[in-house]
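Here is the structure we will look at, set down as structure tokens.
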Amino acid sequence: YGAYGVEAASENYFGKSAKNLNIAECAMLAGLPKAPGRDSPFNHPEKAKERQKYVLKRMLEKGYITDTQMAEAVNTALDIKPRQNWFIQKTPFYTEHVRRYIEKKYGKKKLYEGGLKIYTAVNIEMQKAAQTEIDKGLRKLDKRQGGYRGPVKHLASEEIEAFSKKLQETLDKNPLKEGKILEGVVTEMQHPGKVKKLTVRMGDARGIITSANMRWAGKAKHAIRVGDVIQVKIKGKIKNRALWKLALEQTPKVQGALLCIEVGTGYVKAMVGGRDFRESQFNRAVQSRRQPGSAFKPIVYAAAIDKGYTPATRIIDTAIVYRDKSGKIWKPQNYGRRFYGPTLLRKAIANSRNLASIKILENIGINYTVNYAKKLGIMSALHGDLSLALGSSGVSLLELVTAYSVFANLGELTEPVFIRRVVDRDGNEIQEINFESEEVIEKSTAYIMTSLLESVVRHGTGKRVRALKRPAAGKTGTTNKTHDAWFIGYTPEYVTGTWVGFDEERSLGRKETGSKAASPIWLGFMQKVLQGKPITPFKVPKGIVFRKIDAETGLLPVQDTKKTILECFRRGTVPTQYTKRSDSISDTEQFFKSDM
């Protein structure tokens, strides 16, 4: 029941150390390992009692206890503590990730019998917010794209009472409240065949679903019948009536993941590896390798900044055609299949221009960029071709969040920290994790990337995130045929990544981009975890200078320049040439970079 080892189980079921257990309690725990779920004292006390008696009988046969002790133990009433199952309810993916690490490092015996105390970096409130926003985001997407798939099951009229009685037993422990999602049975309906209002029974309680609260289901809702078991969400009480206001729900099929790292320490404060741990223990935040799409572009742009590019470098966004060694032709396109002509690097990343990114990668070199990605913490194998610029190589969410954290940490790579300390049963500290950081890129490069990624939020594909109303930088990612949607972003406090997709890699649906499907999850989570915290700006390191430039040419403005912007540069890289005309390219370096 989410407890590992005798000591943990003792605390979980009886609220005390294993050394303080009596014979009856010891026998109860000893009967659990064979089937801890089926024989749980919480959920199946009768079966747990049977297993306890069996253990006591074997103890008697082996001479460990007397007849009198056995009789006393059988008749001893056990005080099973209704302890909250933090493992399943709060941090399942996080806890399982830690468990696997400890088992691999110290072995099963030490993990399950060593009485270890493991102190993690998780923040329970942030974890709760992460799970809430993942669930909310996936349900919204499912309603947009999935359609109503019908009831959970159908009950005959004589089965409704038994179903409701069993449900009420659960509700006695966890009462109905606003926001709760559960199953109920349809007992009445207005206008059968053209549903306008449903009455749903949930244990002893009843609620109403109006047509407005099931509109998303479309025509499929008209197939609902009395006796159908459906999923509903509690929206509140109906005024002056003993009824609940309900909305029609269904469990999404799409999956999602979220991972949040604290800037500076590397502490992983929250991690959700999927929609429901009880359905699938596969951790999509660390175990999955999916194409990041445009969420990989900042790595290419950072590599370019270190090769002499600036936010004011102009790239010619035009059609390009490549032929590989086998003769196969590749004609990459921008989203929307348009060409934009001369484009400043800042605008290219803000609007996620594919062709500009490919030209940059071609110029700086594929091998150089692959090695640069490794410096940022990307350890997955990367494709050695130009499709790398578009995020064609599978990476984990943890890797991407780690890479972006280098920008947030002003060039320092800090290894993600899940475990802070491990202490044995005698209080000896057998492992203490002190966060270690290494400067892997220049502070000025990291800041320029933050500034560029702020443009994504202010003016580009990440503009939904502006609702955070505090400094934020990030990048959307959408793969071919919308199989994957990403948003990786950060504030001065936290770096958070979100991913949405199907395990079987199929389309999320038309227009389900990183901006639409993933960034709202990021936004909802960050709004919760930053609520009440002071607004702080991103730090500007030494070596950064700001200059006004011509917004079209990237050169210094002249008197009749129509539009200027204040741009950031590494000292020594500010343009020296002035714009002659609004469409001119003045210096040789700019000309050649524009023609890449």
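Values quoted throughout were computed directly from the atomic coordinates according to the rules given, and no laboratory measurement underlies them. Note that the structure is a prediction, hence the values are computed from the model and not measured. Virtual Cβ from ideal backbone geometry, glycine too; neighbours counted across all protein chains shown.
Peptides 413-419, 377-383: what's the order by average Cβ count within 10 Å, highest mean first? It would help to have the intermediate numbers written out before the result.
Details: 413-419: 19.1, 377-383: 16.1.
Highest to lowest by the protection proxy: 413-419, 377-383.
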When ranked by the protection proxy of mean other Cβ atoms within 10 Å per residue, highest first, what sequence do the peptides 253-262, 169-178 form? 253-262, 169-178
Contour excess over end-to-end distance, with Cα ends at I181 and Q577 and 0.36 nm allotted per residue: 136.3 nm
Relative to the present Cα-Cα distance, how much length would full extension add between E50 and K109 at 0.36 nm per residue of separation? 18.5 nm
When the helices in the chain are scored as -39500 (n - 2.57) per DSSP H run of 4 or longer and the sum is shared across all residues, what 222 nm value do you end up with, to the nearest 500 deg cm²/dmol? -9500 deg cm²/dmol
Between A551 and residues 5 or more places away or on another chain, which pairs have amide H atoms under 5 Å apart, with H built 1.01 Å from N, and which residues are they? K563, T564, I565
Compactness summary of the range 198-295: radius of gyration and Dmax from Cα atoms, Å, are 19.5, 57
What number comes out for the charge environment of I441, summing +1 per Lys or Arg and -1 per Asp or Glu over other residues with Cβ under 14 Å away? 0
Quick one: if the Förster radius is 45 Å, what FRET efficiency do H154 and K528 give, using the C-beta to C-beta distance and rounding to 0.05? 0.70
On Cα atoms only, tilt of 354-364 relative to the major axis of the chain in degrees: 70 degrees
Total charge dipole magnitude, the range 186-232, about the Cα centre, Cβ charges on Lys, Arg, Asp, Glu only, Debye to nearest 20: 260 debye
Just want the ordering: V6, V321, from fewest to most Cβ atoms lying within 10 Å of their own Cβ. V321, V6
Per residue convex hull volume, Cα atoms of the range 153-249, in Å³: 90 Å³
Rank V395, Q577, Q69 by how far each Cα sits towards the positive end of the charge dipole of the chain (+1 on Lys, Arg Cβ; -1 on Asp, Glu Cβ) and give me just the farthest. Q577
Please name whichever of W244, L182, H97 sits farthest to the positive end of the charge dipole of the chain, dipole taken about the Cα centre and charges placed at Cβ: Lys and Arg +1, Asp and Glu -1. W244
Residue separation between K165 and S280 times 0.36 nm, minus their alpha-carbon distance, gives in nm 38.5 nm
Bin width 20 Å, alpha-carbon pairs only: give the P(r) of the chain as whole percents, running from 0 to the bin holding the largest distance. 17, 42, 30, 10, 1, 0
Of the listed pairs K307/K375; K180/K237; K153/K235; K90/K165, those with alpha carbons more than 19 Å apart are K153/K235; K90/K165
Sorted by mean Cβ packing within 10 Å, highest first, what order do the peptides 520-529, 9-18 take? 520-529, 9-18
Efficiency of FRET from Cβ geometry, L243 and T536, R₀ 35 Å, rounded to 0.05: 0.15
Mind giving me the FRET efficiency for Q190 and F42? R0 is 51 Å, r the Cβ-Cβ distance, nearest 0.05 is fine. 0.80
Charges at C-beta only: +1 for Lys and Arg, -1 for Asp and Glu. How large is the resulting dipole of the chain about its Cα centre, in Debye rounded to 20? 2200 debye
Counted neighbours (other Cβ, 10 Å), sorted fewest up, put F296, F569, F282 in the order F282, F569, F296
